[in-house]
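Enquirer: There's a structure below that I have some questions on.
The values are calculated or read from the model by the stated rules, or taken from the named source; none is laboratory data. Every value quoted in this text rests on a predicted model; they were computed, and no experiment measured them. Here the Cβ positions follow ideal geometry from the backbone for every residue, glycine too, while neighbour counts run over all protein chains shown. Remember, those area values only see protein heavy atoms, side chains included, never the ligands or the DNA or RNA. Shrake-Rupley method; radii C 1.70, N 1.55, O 1.52, S 1.80 Å.
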Amino acid sequence: MKPVTHILFSEAFCMIFATFANIVLKPIDIVIIAISSMLPDIDDTKSFIGRAFHPVSNYLERNVGRRTITHSLAGIGVVAVVLSPLLFLKAGVAYSMILLSILGHIIIDCVNKEGVNMFYPNLARVVIPKDEKIRLEENSKAENVLLYVFIGLLLILFPLNQTGIRPALHYLIRTPD
């Protein structure tokens, strides 16, 4: 998937979670989500983050493989442990958004033809949907349509997140008197 697809899906995924958890996302949270949504692609030397951290991405790509540990629940577990000091610094929202955005990246990668090794070290690929003809190809028209869907979803979710579900519902169902 394109980097923008990962970012927009992870933003929408985290925004839904935050909205229903009554967490108002700040601009810094949105930036954190965008950056961390790219982290799993550190195993690809051709990706944006892979080029930025070339020694790490080169090692991962050669020794572990693409879309393996960094695209797995085990990888999220490693990140959760490494970043656990954030919880002691009262940065629980940032901690949660990082983990959710990585999970969002993994979920959206399941939708493309390759799938991911979500249960690494088990090498079975997780793909959604099962029929390969329906799954997305990278840089396809279908992926571009999906981008517009995510943008539309974010245009609805962002104000909803900022006001909260309860006030939004009160606004929608208010009576003239």
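Enquirer: Suppose we keep only residues that are charged (D, E, K, R) and part of a helix (DSSP H, G or I) within segment 23-43. Which one would you say is nearest to VAL4 (Cα to Cα)?
Expert: Among them, the one singled out is ASP41.
Enquirer: Right, next: Suppose we keep only residues that are open to solvent by less than 50 Å² (accessible area, probe 1.4 Å) and outside any helix (DSSP H, G or I) within segment 55-81. Which one would you say is nearest to GLY104 (Cα to Cα)?
Expert: Taking segment 55-81 as the starting set, the residues that turn out to be open to solvent by less than 50 Å² (accessible area, probe 1.4 Å) are 57-58, 60, 64-65, 67-72, 74-77, 79-80.
Next, from what is left, pick out any that are outside any helix (DSSP H, G or I): 64-65, 67-68, 72.
Values: VAL64: 21, GLY65: 20, ARG67: 14, THR68: 15, SER72: 11 Å.
Result: SER72.
Enquirer: Within the group LYS46, LYS90, which residue is open to solvent by 40 Å² or more (accessible area, probe 1.4 Å), under 19 Å from GLU143 (Cβ atoms) and either part of a helix (DSSP H, G or I) or not hydrophobic (A, V, I, L, M, F, W, C) (or both)?
Expert: Values: LYS90 fails: under 19 Å from GLU143 (Cβ atoms).
So the residue among LYS46, LYS90 that is open to solvent by 40 Å² or more (accessible area, probe 1.4 Å), under 19 Å from GLU143 (Cβ atoms) and either part of a helix (DSSP H, G or I) or not hydrophobic (A, V, I, L, M, F, W, C) (or both) is LYS46.
Enquirer: What number goes with the only condition from (1) closer than 22 Å to LEU73 by Cα; (2) in contact with a helix residue (DSSP H, G or I) (Cβ under 7 Å, 6 or more places away or on another chain) that LEU25 does not pass?
Expert: So the condition that LEU25 fails would be (1).
Enquirer: Right, next: Between a residue in segment 38-61 that is in contact (Cβ under 8 Å) with a residue 12 or more places away in the chain and any residue that is open to solvent by less than 20 Å² (accessible area, probe 1.4 Å) and of a type in the set (A, V, I, L, M), which pairs come within a Cβ distance under 7 Å, given they are 6 or more apart or on different chains?
Expert: Taking only residues 6 or more apart or on different chains, the pairs are MET38/ILE49; LEU39/ILE49; LEU39/ILE102; PRO40/ILE102; PRO40/ILE106; ASP41/ILE49; ILE42/ILE49; PHE48/MET38.
Enquirer: Further question on the same structure: For segment 138-157, does any single residue satisfy the condition of being of a type in the set (A, V, I, L, M), closer than 24 Å to ASP44 by Cβ, open to solvent by 40 Å² or more (accessible area, probe 1.4 Å) and in contact (Cβ under 8 Å) with a residue 24 or more places away in the chain?
Expert: Yes, some residue in segment 138-157 is of a type in the set (A, V, I, L, M), closer than 24 Å to ASP44 by Cβ, open to solvent by 40 Å² or more (accessible area, probe 1.4 Å) and in contact (Cβ under 8 Å) with a residue 24 or more places away in the chain.
Enquirer: Another question about this same structure. (1) open to solvent by 20 Å² or more (accessible area, probe 1.4 Å); (2) within 30 Å of LYS130 (Cβ to Cβ): which one isn't true of ALA52, the others all being true?
Expert: (2)
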